[in-house]
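The values are calculated or read from the model by the stated rules, or taken from the named source; none is laboratory data. Every value quoted in this text rests on a predicted model; they were computed, and no experiment measured them. Ideal geometry is used to build each Cβ from the backbone, glycine not excepted, and the neighbour counts take in all protein chains shown. Surface areas here come from the heavy atoms of the whole protein model, side chains and all, with no ligands, DNA or RNA. Shrake-Rupley method; radii C 1.70, N 1.55, O 1.52, S 1.80 Å.
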Amino acid sequence: TIVYTAASLLAPLVLMNIYHGRKTQQQVTAYDDTMPNPNQKPYRKLTHPHKYILDILLGFIFERFIPLGKIGDYYSDSKDIPQKSKGRTQESELNSLEKFRVKIERFEYAIHVFFCFLWNWSLMFNQSGDNLIVGMATVPRNPNILKEWGIVQDHNLNGKMSFQDEGGDVEIEVTCPSSLVKGLTQLRTNGGGLFCRKLIRCCSLDELKLDLSPSVPILLWMHGGGFTVGSTRDFSSKLAYELCNNPCDEKKQKGQPIILLSINYRCAPEKPFPASVIDCLSVAEFLMEKLNSPIHIAGFSAGGNLASVTAFESMRRYPVGKLKSLVAIDPALSPMIYNLKSYQMNVLSSSFCPPSFLIWSWAKYLQLASDCDISKYREELEKSCIFTASSSSSDKAEGTPNPLVRLLCPYSSVPKELRLSHAPRIIVKTSSGCPLEDDGLHLIQQIKEAGGSVVALRGKGSHGIATVLDIKSSNEFISQWASIIWP
């Protein structure tokens with residue numbers, strides 16, 4: 001009976017593995033010209049040497065319910081449907097891409113609620129009945145920040161790409177103990193008990209009157225999602241909860257206070273590059289100039305890109321600033337992903353970060369016409385004005401280095417301020433089964449070559465999943481980070 005049951009469970013997985021391999025074999029053949037070793041075949045799902053069995057099973061389940069590899073089909077169905085204005089709408093009124101985003105947000109929200117519950121529980125029983133509070137706040141967007149920070153000369157790239165940005169506000173999700181919100185008496189809330197309290201309305205960050213003493217750190221988080229999907233309510237609450245209740249540090253009291261600020265940056269294809277960069281830099285500028293708390297910037301996947309860009313540009317703008325650390329988890333740092341060996345080796349086996357999703361996301365982020373076709377994407381990317389022109393319309397010299405490249409690929413221009421003794425501490429965490437692992441390794445290498453110090457950590461497993469399943473690596477990561485936040 002046991003053998004029969006095991007065979008019944010494994011047989012569908014084996015068949016799916018064979019089917020998936022045949023289906024994508026033609027796609028892999030197109031990548032062989034860039035393979036570092038053409039004789040080395042890509043990993044298969046069921047035989048991946050750098051993944052746990054549970055990781056593989058979760059991958060099969062995930063791609064059935066949230067097929068990121070088919071996001072191009074959802075976008076194609078949405079092209080002729082007008083985009084809805086921001087706000088709550090009935091699900092029947094949403095187009096295909098928006099429905100797909102809602103599905104992802106529900107998955108992330110379940111993780112977010114679970115760890116907010118644990119965080120709130122720890123506050124109630126460790127700190128005299130304190131509650132966790134969650135709500136949206138706003139920070140003014142600076143549409144001219146790229147020009148003011150000296151990154152570009154004007155808002156037109158040789159007449160080929162215009163990125164004149166709009167004003168308005170950037171939304172931030174605030175998650176912290178209610179004792180740190182001094183303006184709470186003027187704001188209506190609901191909830192409580194074992195679940196966190198929620199702000200009834202969105203307000204400016206100034207209205208919250210946060211406790212911004214030097215002993216209360218701010219964790220500025222950029223969510224993942226390939227610059228196109230995702231939300232502020234992801235597993236950032238897990239990281240904040242584990243940092244505040246570090247199980248590996250018995251000397252310090254658990255329940256350390258921290259303010260989690262997750263940026264709801266604008267996503268492509270509706271708002272392509274550099275809209276998300278402008279949002280993140282605007283928030284960083286607000287925090288650096290108006291707040292007194294130490295700031296720690298972190299991000300996952302595409303958020304790891306935005307976190308690295310924001311941290312590096314902040315170091316150039318504020319050489320002696322309040323930025324204390326940068327943490328990049330499985331960062332997506334270069335649109336030329338087809339050159340990565342890790343991408344080639346995981347092209348058949350990546351369920352949580354499929355190659356077609358990576359290609360589609362970068363294409364929409366950079367306003368390229370190609371969807372999931374690797375050949376067309378590569379051709380368009382190499383001809384893109386971002387990589388062939390300067391940032392000034394007055395400079396027509398062909399091949400002039402464009403500083404916008406460092407806003408896409410942060411390790412292409414690492415700041416010299418990393419050599420300074422007071423430079424922020426940097427942690428880069430990669431995953432052995434992630435197609436973006438080499439991106440993180442390139443960032444580590446460039447930081448070291450620039451004379452900076454970096455802590456390199458590697459987990460076993462898929463993109464993002466290694467942070468959950470590889471407990472030993474995860475505990476070391478949390479311990480290293482907590483020691484930087486609370487030295």
Completion exercise
Excluding ligands, DNA and RNA, the carbon-plus-sulfur percentage of the accessible area of the range 413-487 with a 1.4 Å probe reads 50
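What's the magnitude of the charge dipole for the range 213-361 around its Cα centre, counting Lys and Arg as +1 and Asp and Glu as -1 at the beta-carbon? Answer in Debye, nearest 20.
Approximately 220 debye in magnitude.
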Problem - Cα lying deepest toward the dipole's positive end in the range 260-371, options LEU358, ALA275, LEU287, charges on Cβ - result: LEU287
Problem - Overall form of the range 413-483 per C-alpha gyration tensor (a/c, 1.5; a/b vs b/c) - result: oblate
Handout entry: Alpha carbon centroid spacing (whole Å) that separates the range 418-487 from the range 131-154
Key = 26
Exercise for the section: May I have the pair-distance distribution P(r) for the range 249-349, computed from all Cα-Cα distances with 5 Å bins from 0 and rounded to whole percent? Expected result: 2, 10, 18, 20, 16, 13, 10, 6, 4, 1
Handout entry: Three-way shape call for the range 322-378 based on the alpha-carbon gyration tensor, with the a/c threshold at 1.5
Key = oblate
Completion exercise
Surpassing 28 Å at the alpha-carbon level, of the pairs LYS182/LYS238; LYS341/LYS472; LYS103/LYS209; LYS45/LYS448; LYS182/LYS322, are LYS103/LYS209; LYS45/LYS448
